[in-house]
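The values are calculated or read from the model by the stated rules, or taken from the named source; none is laboratory data. Everything numeric here is computed off the predicted structure, so don't read it as measured data. Heads up, the Cβs are rebuilt from the backbone with ideal geometry, glycines too, and the neighbour counts pull from every protein chain shown. Note: areas computed on protein heavy atoms with side chains; ligands, DNA, RNA excluded. Shrake-Rupley method; radii C 1.70, N 1.55, O 1.52, S 1.80 Å.
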Amino acid sequence: MSIQQLNFHGIRNLQPVTAFPSSRINIISGVNGSGKTSLLEGIHILGLGRSFRTRQLKNVIQQGVSEMTLFARLHDDQATTLGVRRLREQRELELRIKNRKQVRLVELAEIMPLQLINPDAFRLLEGPPAGRREFLDWGVFHVKHEFFNVWKRARRALKHRNALLRRGRIQPDELDVWEKELANSGERIDQQRREWFSNFLPVFEETLQSLLSLQGLTLHYARGWDKNRPLADVLASSRATDEQMGFTQQGPQRADLRIKINKQPAIEVLSRGQQKLVVSALKLAQGRFLERTANRHCVYLIDDLPAELDEQHRQRFCHLLESIQCQAFITSVEPTALQSQWLSDTEVKMFHVKHAEQNGGVHSLLGQLNETGQ
């Protein structure tokens, strides 16, 4: 699966875009502020229904226009089309798959698996556990078909248990119902996460070795409660303290991936360049694992690849990306930093995003996307 055609209207500083990208490598160059990242953002919204730059999608809509429309035609067996429309005065997204309405966001995620590597990706190492859980559950979701429904059940049970804990006067029978549901679904989530992690770990280690020789790095899955006790026992024994805190302190919602170097947190040991390579190895390993286990392929969105990487490691990154049967959109201020990194038989398209001018010569930050030759 790859994107065959893109049409964007009304997104940030981009003029209406029509592009026919390569099924493999696409390099988008341009000066800062020209709209390179906005192009990646549009693809991200098409695949997940949300931006990686803002929580408010109305902020993505170009100033002076009333709506944003995003369209993609995929290269797959069914010639699938994806459409996303957001009106400035409307909170809900309008989603379409092959002109079918009443589409759920989870359907977009299933159709077009996306991996994002950008400056915020460092949060996998330095940020709170929520980002690492999202990374973990992305992998499980795409190979375990029943995972999403079990995850929804656990989230619903957790929400109701927390509401009862905050009420102050707990009805034991009512709490028992939601604890039982949370315990059952939580154990199933943990089992699927553990199975996925045990199979993913060697792929990650192999991927990291291709990018960086790093001794002593370990990746560990922590399930979120005492590994020697069933979740039902943990929930029952922690009722009193959970009531004092007003929320459930242990469970699948507390799971984490712990990344260490010789038993120290990796973020405290690694240089910035090493951090980027470790995060990149995690993301690239997701694509390799999905390809090997489900014969499916990711679309990679890589913002400012050359940053923090010397030429040797840029080349390693690019060669590893080529070895994955994926489509990639890569931004760079300077196209020559990436132009010579690819093998001769890899299909690479170069695009340039530039500023346009309004009447009177005032820069309006409206980008134009032009394909350039290589």
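Quick notes on this one:
- Accessible area of the chain divided out per residue, in Å², using a probe of 1.4 angstrom: 49 Å²
- Selection from Ser66, Val103, Gln78 lying farthest towards where the dipole of segment 58-123 points positive, charges on Cβ: Ser66
- Put a dot 7 Å past the Cα of His220, heading toward its Cβ, do the same for Ala79, and the two dots end up 5.4 nm apart.
- Förster radius 30 Å - calculated FRET efficiency between Phe148 and Glu92, Cβ distance, rounded to 0.05: 0.90
- The chain, dipole about Cα centre (Lys/Arg Cβ +1, Asp/Glu Cβ -1), debye to the nearest 20: 1000 debye
- Magnitude of the charge dipole for segment 83-225, about its Cα centre and with charges confined to Cβ atoms of Lys, Arg (+1) and Asp, Glu (-1), is about 780 debye.
- Heavy-atom accessible surface of the chain: percent carbon and sulfur, 1.4 Å: 45 percent
- Hypothetical label at Ala307: residues of segment 28-54 whose amide nitrogen lies under 16 Å (7 Å Cα-Cβ projection): 28-41, 52-54
- The distance between label points at Ala130 and Asp176 comes to 3.4 nm (points 7 Å beyond Cα on the Cα→Cβ vector).
- Charges were assigned to the Cβ only: +1 to each Lys and Arg, -1 to each Asp and Glu. The resulting dipole of segment 16-167 about its Cα centre is roughly 840 debye.
- Between the beta carbons of Gln5 and Ser213, assuming R0 = 41 Å, the FRET efficiency works out to 0.50 to the nearest 0.05.
- Residues Arg123, Arg24, Arg272, Arg55, sorted by accessible area with the largest first, give Arg55, Arg123, Arg272, Arg24 [1.4 Å probe; ligands and nucleic acids excluded].
- Beta bridges by DSSP in the chain, antiparallel share as percent, to the nearest 5: 65 percent
- Ranked from largest, the principal axis spans of the Cα set of segment 109-232 equal 56, 35, 27 Å.
- Heavy atoms of Lys349 accessible to a 1.4 Å probe, total area in Å² rounded to 10: 50 Å²
- Helical segments meeting 15 Å axial Cα length and Kyte-Doolittle 0.0 threshold in the chain (DSSP H): 36-48
- Cα centroid separation - segment 85-145 against segment 217-243, whole Å: 28 Å
- Accessible surface of Cys326, taken over heavy atoms with a 1.4 Å probe and every protein chain present, rounds to 0 Å².
- Virtual spin-label span in nm between Arg155 and Asp345, 7 Å along Cα→Cβ: 4.3 nm
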